[in-house]
């Protein structure tokens, strides 16, 4: 039985011996292919191993319509692209974090924090009365939407709508302070861990 026929039989029956034969036959070629995409030997090896792992895990659900080799190369190609995308996002996040950490160090001085608190207070006070009341009950008193609705004699849907409105308005008014707020939130969260 050739490898392509073996692969189809494997996906239907989950035959470990056939799976091992397919793995041994295709691993080095798939590794070279993954390496040509990601330019990292260890990552290429992990990508190929993950493709085989996922194939084995889903052995009862996978139907290979084309040749096994074509299926495997397509899977390795897709996983390689996902790896590159993930690394690109990770690098962008590291750059953003580094830049904002440097900016955040300036933003955590007492004068900047006072300015931020004043801007938050002003923005909350400028909300319409019902919207402000609901926001404060939710965020400062930690009440659930149901509790707020019961206390104010309104529907939960009204509470949801007013909270959505409050958050939209505050997000717009505090957009210039978002990096500082994120920096503070992340650092406070890390200190609590």
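The values are calculated or read from the model by the stated rules, or taken from the named source; none is laboratory data. Just so it is clear, the structure is predicted and the values come from calculations on it, not from any experiment. Quick reminder, even Gly has a Cβ in these numbers, built from the backbone with ideal geometry, and neighbours come from all protein chains shown.
Here residue 124 meets the list (1) more than 30 Å from residue 170 (Cβ to Cβ); (2) touching a residue at least 24 places away in the same chain (Cβ under 8 Å) almost entirely, failing just condition (1).
Can we say residue 85 is closer than 30 Å to residue 35 by Cβ, assigned by TED's automatic domain parsing to the domain that holds residue 41, modelled with pLDDT of 90 or more and surrounded by fewer than 13 Cβ atoms within 10 Å (Cβ to Cβ)? Spelling it out, it is not the case that residue 85 is closer than 30 Å to residue 35 by Cβ, assigned by TED's automatic domain parsing to the domain that holds residue 41, modelled with pLDDT of 90 or more and surrounded by fewer than 13 Cβ atoms within 10 Å (Cβ to Cβ).
Does residue 81 fit the bill of being closer than 18 Å to residue 15 by Cβ and either touching a residue at least 24 places away in the same chain (Cβ under 8 Å) or out of contact with any helix residue (DSSP H, G or I) (no Cβ under 7 Å at 6 or more places or on another chain) (or both)? Taking the combined requirement at face value, the residue does not satisfy it. Residues that are surrounded by fewer than 19 Cβ atoms within 10 Å (Cβ to Cβ) and free of Cβ contacts under 8 Å to residues at least 60 places away in the same chain within segment 65-74 comprise 65, 66, 70, 73, 74, listed in sequence order.
If you go through segment 156-163 one residue at a time, do you hit one that is touching a helix residue (DSSP H, G or I) at 6+ places or on another chain (Cβ under 8 Å) and not in a helix (DSSP H, G or I)? Checked against the condition, which is being touching a helix residue (DSSP H, G or I) at 6+ places or on another chain (Cβ under 8 Å) and not in a helix (DSSP H, G or I), segment 156-163 yields no hits at all.
Evaluate the following for residue 44: is it within 30 Å of the chain's Cα centre (by Cα), modelled with pLDDT of 85 or more and either assigned to a helix (DSSP H, G or I) or assigned by TED's automatic domain parsing to the domain that holds residue 168 (or both)? Steps first, please.
Details: within 30 Å of the chain's Cα centre (by Cα): yes; modelled with pLDDT of 85 or more: yes; either assigned to a helix (DSSP H, G or I) or assigned by TED's automatic domain parsing to the domain that holds residue 168 (or both): yes.
Considered against the rule, which asks whether it is within 30 Å of the chain's Cα centre (by Cα), modelled with pLDDT of 85 or more and either assigned to a helix (DSSP H, G or I) or assigned by TED's automatic domain parsing to the domain that holds residue 168 (or both), residue 44 comes out as yes.
One residue stands out among those in segment 137-150 that are assigned to a helix (DSSP H, G or I) and either at pLDDT 90 or above or more than 30 Å from the chain's Cα centre (by Cα) (or both): the one that is farthest from residue 168 (Cα to Cα), which is 150. For segment 48-64, the set of residues classified as without any contact (Cβ under 8 Å) to a residue 12 or more places away in the chain and either under 15 Å from residue 15 (Cα atoms) or in contact with a helix residue (DSSP H, G or I) (Cβ under 8 Å, 6 or more places away or on another chain) (or both) consists of 53, 57, 58, 61, listed by residue number.
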